[in-house]
Amino acid sequence: MRTYLVVVEDGAAARGAVRFAARRAARTGSRVELVTVIPTPEFLPFGGVQAAMEEEARLRADGLVRAAAGTLFEELGVQPSITVLSGEPAEAVRAHLLAHPEVANLVLGAASGGASPLVAEFAGAAAGSLPCPLTLVPGELSDEAIDKLS
(Lines give C-alpha, C1' and ligand atoms only; values in the text may rest on other atoms or scores of the structure.)
Protein backbone atom coordinates (compact mmCIF):
# COMPACT_ATOMS: atom_id res chain seq x y z
CA MET A 1 0.00 0.00 0.00
CA ARG A 2 1.18 3.51 -0.80
CA THR A 3 2.95 5.03 2.22
CA TYR A 4 3.91 8.47 3.44
CA LEU A 5 7.15 8.15 5.41
CA VAL A 6 7.64 10.83 8.07
CA VAL A 7 10.92 11.12 9.92
CA VAL A 8 10.10 12.31 13.43
CA GLU A 9 12.86 14.32 15.01
CA ASP A 10 12.80 16.43 18.14
CA GLY A 11 11.15 19.78 17.61
CA ALA A 12 7.98 21.43 16.45
CA ALA A 13 8.84 21.07 12.76
CA ALA A 14 8.11 17.34 12.87
CA ARG A 15 4.58 17.98 14.17
CA GLY A 16 3.65 19.81 10.98
CA ALA A 17 5.17 17.10 8.81
CA VAL A 18 3.19 14.43 10.66
CA ARG A 19 -0.06 16.39 10.28
CA PHE A 20 0.54 16.98 6.56
CA ALA A 21 1.33 13.31 5.87
CA ALA A 22 -1.66 12.08 7.87
CA ARG A 23 -4.08 14.35 6.05
CA ARG A 24 -2.68 13.40 2.64
CA ALA A 25 -2.81 9.71 3.54
CA ALA A 26 -6.41 9.99 4.72
CA ARG A 27 -7.40 11.70 1.47
CA THR A 28 -5.60 9.25 -0.80
CA GLY A 29 -6.31 5.98 0.99
CA SER A 30 -2.65 5.61 1.90
CA ARG A 31 -0.91 4.84 5.16
CA VAL A 32 1.58 6.72 7.32
CA GLU A 33 4.81 5.31 8.69
CA LEU A 34 6.54 7.28 11.43
CA VAL A 35 10.28 6.72 11.63
CA THR A 36 12.84 7.87 14.14
CA VAL A 37 16.53 7.17 13.98
CA ILE A 38 18.76 6.42 16.94
CA PRO A 39 22.29 7.45 16.04
CA THR A 40 24.89 4.82 16.76
CA PRO A 41 26.83 6.07 19.78
CA GLU A 42 30.57 6.31 19.72
CA PHE A 43 32.25 3.30 21.23
CA LEU A 44 32.64 3.41 24.99
CA PRO A 45 35.12 1.14 26.73
CA PHE A 46 32.48 0.00 29.21
CA GLY A 47 29.91 -2.11 27.37
CA GLY A 48 27.30 -1.83 30.12
CA VAL A 49 27.36 1.96 29.94
CA GLN A 50 27.05 1.90 26.16
CA ALA A 51 24.13 -0.55 26.31
CA ALA A 52 22.37 1.65 28.87
CA MET A 53 22.88 4.73 26.68
CA GLU A 54 21.52 2.92 23.62
CA GLU A 55 18.47 1.70 25.54
CA GLU A 56 17.80 5.21 26.88
CA ALA A 57 18.02 6.65 23.36
CA ARG A 58 15.70 3.93 22.03
CA LEU A 59 13.12 4.60 24.77
CA ARG A 60 13.24 8.36 24.17
CA ALA A 61 12.85 7.89 20.39
CA ASP A 62 10.04 5.37 20.86
CA GLY A 63 8.23 7.78 23.20
CA LEU A 64 8.59 10.63 20.72
CA VAL A 65 7.14 8.59 17.86
CA ARG A 66 4.34 7.11 19.99
CA ALA A 67 3.31 10.61 21.10
CA ALA A 68 3.09 11.67 17.44
CA ALA A 69 1.13 8.52 16.61
CA GLY A 70 -1.33 9.17 19.44
CA THR A 71 -1.93 12.69 18.19
CA LEU A 72 -2.56 11.40 14.67
CA PHE A 73 -5.10 8.89 15.86
CA GLU A 74 -6.89 11.33 18.17
CA GLU A 75 -7.09 14.22 15.71
CA LEU A 76 -7.39 12.50 12.35
CA GLY A 77 -8.28 8.86 12.97
CA VAL A 78 -5.08 7.70 11.25
CA GLN A 79 -3.24 4.77 12.82
CA PRO A 80 0.38 4.96 11.66
CA SER A 81 2.99 2.26 11.79
CA ILE A 82 6.08 3.00 13.87
CA THR A 83 9.65 2.16 12.95
CA VAL A 84 12.81 2.81 14.96
CA LEU A 85 16.02 2.67 12.94
CA SER A 86 19.61 2.68 14.17
CA GLY A 87 22.69 4.20 12.60
CA GLU A 88 23.69 7.41 10.92
CA PRO A 89 20.31 9.12 10.25
CA ALA A 90 20.63 9.94 6.54
CA GLU A 91 22.08 6.52 5.71
CA ALA A 92 19.44 4.71 7.77
CA VAL A 93 16.57 6.60 6.13
CA ARG A 94 18.03 6.11 2.64
CA ALA A 95 18.44 2.36 3.23
CA HIS A 96 14.87 2.17 4.55
CA LEU A 97 13.55 3.96 1.46
CA LEU A 98 15.41 1.59 -0.87
CA ALA A 99 14.13 -1.46 1.02
CA HIS A 100 10.51 -0.25 0.97
CA PRO A 101 9.32 0.59 -2.56
CA GLU A 102 5.80 1.22 -1.21
CA VAL A 103 7.02 4.54 0.19
CA ALA A 104 5.51 7.11 -2.17
CA ASN A 105 6.68 10.24 -0.39
CA LEU A 106 9.33 11.19 2.18
CA VAL A 107 7.98 13.96 4.42
CA LEU A 108 10.32 16.06 6.55
CA GLY A 109 9.64 19.02 8.81
CA ALA A 110 11.80 22.08 8.17
CA ALA A 111 12.56 24.29 11.17
CA SER A 112 12.82 28.05 10.69
CA GLY A 113 16.09 28.26 12.64
CA GLY A 114 18.09 26.29 10.08
CA ALA A 115 17.92 22.99 8.31
CA SER A 116 18.29 19.78 10.26
CA PRO A 117 21.01 17.44 8.97
CA LEU A 118 18.33 15.25 7.32
CA VAL A 119 16.70 18.20 5.56
CA ALA A 120 20.10 19.48 4.43
CA GLU A 121 21.06 16.02 3.16
CA PHE A 122 17.88 15.12 1.31
CA ALA A 123 16.98 18.58 -0.03
CA GLY A 124 20.55 19.10 -1.27
CA ALA A 125 22.59 17.08 -3.71
CA ALA A 126 20.98 13.79 -2.63
CA ALA A 127 17.50 14.92 -3.72
CA GLY A 128 18.05 13.68 -7.26
CA SER A 129 18.88 10.17 -6.13
CA LEU A 130 15.88 9.59 -3.85
CA PRO A 131 13.57 6.74 -4.91
CA CYS A 132 10.48 8.89 -4.14
CA PRO A 133 9.44 12.56 -3.98
CA LEU A 134 10.44 14.66 -1.00
CA THR A 135 8.01 17.00 0.74
CA LEU A 136 9.34 19.65 3.12
CA VAL A 137 6.78 21.08 5.51
CA PRO A 138 7.80 24.44 7.00
CA GLY A 139 7.71 24.27 10.79
CA GLU A 140 6.13 27.72 11.07
CA LEU A 141 2.93 26.71 9.24
CA SER A 142 -0.20 26.72 11.37
CA ASP A 143 -2.51 23.72 11.50
CA GLU A 144 -4.99 25.67 9.37
CA ALA A 145 -2.36 26.36 6.70
CA ILE A 146 -1.29 22.70 6.67
CA ASP A 147 -4.91 21.63 6.39
CA LYS A 148 -5.42 23.88 3.36
CA LEU A 149 -2.29 22.51 1.67
CA SER A 150 -3.01 18.88 2.36
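Would you check if residue 108 is at pLDDT 85 or above and either aromatic (Phe, Trp, Tyr) or surrounded by fewer than 14 Cβ atoms within 10 Å (Cβ to Cβ) (or both)?
Details: at pLDDT 85 or above: yes; either aromatic (Phe, Trp, Tyr) or surrounded by fewer than 14 Cβ atoms within 10 Å (Cβ to Cβ) (or both): no.
Taking the combined requirement at face value, the residue does not satisfy it.
Exactly one residue out of 33, 9 is among the acidic types (Asp, Glu), at pLDDT 70 or above and under 24 Å from residue 142 (Cβ atoms), and it is 9. Scanning segment 21-33 for residues that are assigned to a helix (DSSP H, G or I) and surrounded by fewer than 24 Cβ atoms within 10 Å (Cβ to Cβ) gives 23, 24, 26, 27, 28. Contact annotation: residue pairs with Cβ atoms under 7 Å, 6 or more positions apart or on different chains, pairing a residue in segment 1-16 that is free of Cβ contacts under 8 Å to residues at least 60 places away in the same chain with a partner that is surrounded by fewer than 24 Cβ atoms within 10 Å (Cβ to Cβ), are 10/64. Here residue 115 clears all of (1) surrounded by 15 or more Cβ atoms within 10 Å (Cβ to Cβ); (2) modelled with pLDDT of 90 or more except the condition numbered (2).
The values are calculated or read from the model by the stated rules, or taken from the named source; none is laboratory data. Here the structure is a predicted model, which means the values were calculated and not measured. Cβ sites come from the backbone with ideal geometry, for glycine too, and all protein chains shown count toward neighbours.
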